[in-house]
Each structure stands twice: as structure tokens, then as C-alpha cells.
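Right, I'll just put the structure down here and ask away after.
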Amino acid sequence: MTDRRHDLIVIGAGPGGYVAAIRAAQLGLDVACVEREPALGGTCLRIGCIPSKALLEASERFAEAKHGLDAFGIRLTGVDLDLPRMLKRKEDTVRSLTAGIAGLFKKNRITRYTGSGSLLASGRVRVATAESATELSAEHVIIATGSKVAPLRGVELDGDRVGTSTEALSYAEVPRHLVVIGAGFIGLELGSVWQRLGARVTVLEYLPRILPGVDAEIAAEAQKILVRQGLEIRTGVRVLGAKREGDGAVVSVEGGEPIACDRVLLSVGRVPNTDGLGLEAVGIALDERGRIPVSDGWVTRVPGIHAIGDVIAGPMLAHKASEEGVACVERIVKGYGHVNYGTIPAVCYTHPEIASVGKTEDELIEARVLYKKGSFPFMANGRAKALGSVDGRVKILAHAETDRVLGVHIIGPRAGELIAEATAAMEFGASAEDLARTCHAHPTLAEVTKEAALAVDGRALHI
Ligand code: NAI
């Protein structure tokens, strides 16, 4: 076992870890990054955000070519699915991006160790592979090991017929009937992919509504639209179990008939990934939800050991992890660094997309904050009409007295892009009036945000 010294060791090369490593290198640190997978980028790049977006895009184009272009005066016949090619494009996209991170590591002279990292003591990390082990030391360690699929009692994952998002990104054929357990981001995104490609998709959700955490009014609108597209969504359903049966699977639910299908996707959330990290050895105890507790500066109870991203509290989102990675490193090197947890956007890439930032209406009611609300539909927007995508709305919640924007919730075309304006506005402490008085190019989808801001004061122009 050799001992190598660095200034900082980052464990995990997902969007939290790899970004932290790059920022630390920019700031002059000698950085090591430990990752057990041969490809960098973590769940997000390899088996999460990026491949799912590649398939969402491809499946949307397929569905549009098959059913959606008549209204544009385009008649297509003989539209066929070439699934192997679609999957290959997804894999190529992933490969080029993970290779891009390897290039960034080289450029920034980050030393990469392939193997499983575990903590031996403060400042000491062991990197183990099947063949050998190396010991590293550094003044600072950042744990950025992400999350893994949350299991569900009774659901027997077999890596094939009963699987997770990892399998659902690579089904070799379109399932005839896919049952999705959990109507969250993963369930609705991947359910949409396979439904567009021709599968019957049944989504089972335990709660009485879909997308918990998303503004209730927006989630209700999403449910209507997705059902209209052909997703079968059953809320208030308790899944008792799922297992492979022959060439297919069967899902049992409380108070109902078992559902026979050919594939099951389990997507009831994710849990922090702290397996084999050796946290006990250094005296770090997990909280009640398996997360690593951190205090100001993302420091664990052991000085010199930090944690960021999905292994700590907060939304399990790639960009939240990246922000924490940068801020954590800046704290270490410069003594300051900050993440504004009130302005972390979230995007669900269904069609139309669903995006939000800030407080939901229910959260404001619960916190007894008095608010005003402005809402404007895409139906009344010229660009949305031209695009042929008029479902949805922008909804702005502003403080009743100060007019400060407290939350923005969008369901509609390119909502994931539109939310950036709202996020920037909130970051700068904008009022609804500020947004309303900002000149927006015409014709653009962003005009819906301006109109919603005007609507906060009851003066939307085009409705
Ligand atoms: P999620 O937390 O978004 O949704 C899980 C859903 O499963 C919830 O609706 C929940 O009520 C439901 N559920 C829980 N137990 C259940 C049960 N026993 N039976 C039926 N339904 C049950 O989790 P998801 O979709 O697995 O995603 C995991 C994480 O990854 C989330 O934090 C999500 O935000 C993130 N993610 C983000 C994406 C994005 O930013 N576009 C895309 C995919 C995932």
C-alpha cells in the first residue's frame, strides 16, 4: 500500500464531486478524485439526467412524427421506431459527456483514482479495487457519493423485469405494458418515454396526488395533461409487492386485483449512498433518513471531512450538488462560499415540462405568509400557438405587502428554460413589478412570465 498526499480528496465524481474537484483545482489545490466507476459523471451523467433526457427528446420526436405533425400541414407515412439506434444515440451522448469530464480533469490536473473510497481517519482515505489498495492523505476530504434507488418492501428487483430507472433507460424492446411505481420525477419522465414509444403505461402512486413537492395546482394540471396523452395514472394506491413471473411481472396492490405486466419500474425516491464509506470508523453518525449531517460550510462533525449533494439534506438534484461543491471548496480555500437554498429550481422533463423555484402555495399557506398570485396561460401566447404547444401556465406568487417574488411555478413548453429568468429574478430579490416592467422579446414564451407578473397586480394585457 502506497501513501499519496494531496490537498483535497473528493470521493465521488458526480455533479457534486467533479464540479468541486474542478473548482478546487482552479483555486490552486492539488486535488484527487476517487470514483469507483470507470466513467466520470455519476448517476446524473451515466444513468440519470442525461440518458433520460436523450430518450425524452428522441421519444418526443417520434411521437410527434407519428401523431403530431398533421396540424402543421406535414403528412408523414411509414414512421418506424429504430429502438437500437435510439438507445445508441443515448449511449453516445453519455459517452461524449463523460469523456468531456475526463478531459476537464486532465486540463485541471486532477488526479483520478478508480476504486472505492473509504475513510480511515480524518484526512486519510483508502482506495480499493478488486486487485489492490492505495492510501491517500489530505487536509480536506469531500464526500460526494450521491444516492441510490430507494427500495420498497415486497418489490423484488431482478435487474430485468422488475427494475429501476437504470433498466428503464435500456429496455431492449418497447414493453407492451409497463407498470411504474411512484409518480415522481423519474416515474413520469420514464413513463412518458415508453408511453410515447408505444407501451401501455400504468403509474401507481401512493399519495392522492402526483409529484409531491410540486405546487398542487400545477401538479393537478400536469396529471390532466399526462392522462390525456395516454398515461394511466392511479393515485391513492398502496403497492404490496412486485415480482417476476415467467416472462413478465405481477404487481400486487391493496384492495385490488394483481396487475400483470411485462415490466415494472420502481421509482419511489432515492436514498443517500453511504455504503462502505467507513463513516462509523471516523465517528460520523447518519441522521434518521440516512443522510450525513453537516453544519455551516458543509463540514461533518469531524473537522476536515465535508459532505455535499444527495448524501446530505435537501433536494436530490444535480445542480444543488454542484452549487454545494463550489461553495464548499470556496469556503475551504477562501473562507467564504454560499448556496441560496431558497432559489434552487427543479425541472421535470415531461411534455410539457414542469419547472419551479421558491415556495409553493401550500408552503406559503402553512407558513401563514400573505401572498398575491398571478397566473397566465400559454394558450394566450403567440409563440406557444406557433409552436403548437399551448398547454399550461406560469404562476407567480408574490408577497402581499412587499410584492417580492416568493415562488414561480410553470407547466408549459420549455418550462425548464423559462425557470432560469424567474430564478435569477428571485436571486436578485425582484418584485413581481420588476418582472412585469422588464421588456421581454416578442414573440417569445417568456412573455407568459411577464404577463403572469402583470397578473399579480391584476393587469395582464392579453387576457
Ligand atoms: P420522487 O421523490 O420524485 O417521487 C417518488 C414518488 O413515489 C412520490 O410521488 C411518492 O409519493 C411515491 N411513492 C413513495 N412510496 C410509494 C409507494 N409505496 N407506492 C407508490 N408510490 C410511492 O422520486 P423519484 O422519481 O424516484 O426521483 C428520485 C430523485 O431524483 C428525486 O429527488 C428527484 O427529484 C430526482 N430526479 C430529478 C430529476 C430532474 O431533475 N428532472 C429527474 C429524475 C429524478
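Kindly indicate whether residue 248 is more than 29 Å from residue 314 (Cα to Cα), buried (at least 16 other Cβ atoms within 10 Å of the Cβ) and small (Gly, Ala, Ser).
On the way: more than 29 Å from residue 314 (Cα to Cα): yes; buried (at least 16 other Cβ atoms within 10 Å of the Cβ): yes; small (Gly, Ala, Ser): yes.
Against the criterion (more than 29 Å from residue 314 (Cα to Cα), buried (at least 16 other Cβ atoms within 10 Å of the Cβ) and small (Gly, Ala, Ser)), residue 248 qualifies.
Continuing with the same structure: Being among the charged types (D, E, K, R) and under 26 Å from the mean Cα position of the chain (by Cα): is that true of residue 427 here?
On the way: among the charged types (D, E, K, R): yes; under 26 Å from the mean Cα position of the chain (by Cα): yes.
It is true that residue 427 is among the charged types (D, E, K, R) and under 26 Å from the mean Cα position of the chain (by Cα).
When the residues of the range 291-318 are filtered to those that are among the small types (Gly, Ala, Ser) and closer than 20 Å to residue 120 by Cα, which remaining residue is farthest from the chain's Cα centre (by Cα)? Walk me through it before giving the result.
Let us first name the residues in the range 291-318 that are among the small types (Gly, Ala, Ser), namely 295, 297, 304, 307, 309, 313-314, 318.
Right, trim to closer than 20 Å to residue 120 by Cα and you get 304, 307.
Details: 304: 29, 307: 19 Å.
So the residue we want is 304.
Among the residues of the range 336-353, is there at least one that is out of contact with any Asp or Glu (no Cβ under 6 Å at 6 or more places or on another chain) and within 22 Å of residue 31 (Cα to Cα)?
Yes, some residue in the range 336-353 is out of contact with any Asp or Glu (no Cβ under 6 Å at 6 or more places or on another chain) and within 22 Å of residue 31 (Cα to Cα).
I'd like the full set of residues that are on the phi > 0 side of the Ramachandran plot and surrounded by fewer than 18 Cβ atoms within 10 Å (Cβ to Cβ), limited to the range 268-303. Working first, answer last.
First, the residues of the range 268-303 that are on the phi > 0 side of the Ramachandran plot: 269, 276, 278, 283, 290, 297-298.
Hits for the range 268-303 are 269, 276, 278, 283, 290, 297.
A quick yes/no check of all residues on (1) touching a Gly at 6+ places or on another chain (Cβ under 6 Å); (2) outside any loop (DSSP other than H, G, I, E, B); (3) crowded, with 16+ Cβ neighbours inside 10 Å; (4) assigned by TED's automatic domain parsing to the domain that holds residue 59:
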| position | (1), (2), (3), (4) |
| --- | --- |
| 179 | no, yes, yes, no |
| 188 | no, yes, yes, no |
| 191 | no, yes, yes, no |
| 194 | no, yes, yes, no |
| 203 | yes, yes, yes, no |
| 213 | no, no, no, no |
| 217 | no, yes, yes, no |
| 233 | no, yes, yes, no |
| 241 | yes, yes, no, no |
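Can you pull out the residues in the range 171-217 that are charged (D, E, K, R), out of contact with any strand residue (DSSP E or B) (no Cβ under 6 Å at 6 or more places or on another chain) and more than 9 Å from the ligand (Cβ to nearest atom)? Break it down stepwise before answering.
Step one: list which residues in the range 171-217 are charged (D, E, K, R), which gives 173, 176, 189, 196, 200, 205, 209, 215, 217.
Right, trim to out of contact with any strand residue (DSSP E or B) (no Cβ under 6 Å at 6 or more places or on another chain) and you get 173, 176, 189, 196, 205, 209, 217.
Scanning the range 171-217 gives 173, 176, 196, 217.
Given (1) closer than 22 Å to residue 159 by Cα; (2) assigned to a helix (DSSP H, G or I), where does residue 228 come up short, assuming only one miss?
That leaves (1) as the condition not met.
Within the range 316-334, can you find the residues that are within 16 Å of the ligand (Cβ to nearest atom) and touching a residue at least 40 places away in the same chain (Cβ under 8 Å)? Quick ask: steps written out before the conclusion?
Taking the range 316-334 first, the residues within 16 Å of the ligand (Cβ to nearest atom) are 316-324.
Scanning the range 316-334 gives 316, 318, 319, 321, 322, 324.
Within the range 335-385, can you find the residues that are part of a helix (DSSP H, G or I), surrounded by fewer than 21 Cβ atoms within 10 Å (Cβ to Cβ), more than 16 Å from the ligand (Cβ to nearest atom) and touching a residue at least 24 places away in the same chain (Cβ under 8 Å)?
Residues of the range 335-385 that are part of a helix (DSSP H, G or I), as a first pass: 341-343, 361-366, 378-380, 382-385.
Of the ones still in play, those that are also surrounded by fewer than 21 Cβ atoms within 10 Å (Cβ to Cβ) are 341-343, 361-366, 379-380, 382-383, 385.
Filter once more, so that each one left must be more than 16 Å from the ligand (Cβ to nearest atom): 342, 361, 363-366, 379-380, 382-383, 385.
Matches in the range 335-385: 342, 361, 363, 364, 380, 382, 383.
Say we look at the range 38-52 and pick out the residues that are within 13 Å of residue 17 (Cα to Cα) and in a loop (DSSP other than H, G, I, E, B); which of these is nearest to the chain's Cα centre (by Cα)?
Checking each candidate, the answer is 41.
When you go through 447, 427, 417 one by one, which is the residue that is of a type outside the set (Gly, Ala, Ser), outside the structural domain of residue 306 (by TED's automatic domain parsing) and touching a His at 6+ places or on another chain (Cβ under 6 Å)? Walk me through it before giving the result.
Values: 427 fails: touching a His at 6+ places or on another chain (Cβ under 6 Å); 417 fails: touching a His at 6+ places or on another chain (Cβ under 6 Å).
Of 447, 427, 417, the one residue that is of a type outside the set (Gly, Ala, Ser), outside the structural domain of residue 306 (by TED's automatic domain parsing) and touching a His at 6+ places or on another chain (Cβ under 6 Å) is 447.
The values are calculated or read from the model by the stated rules, or taken from the named source; none is laboratory data. Being a predicted model, the structure only gives us computed values, none of them experimental. Ideal geometry is used to build each Cβ from the backbone, glycine not excepted, and the neighbour counts take in all protein chains shown.
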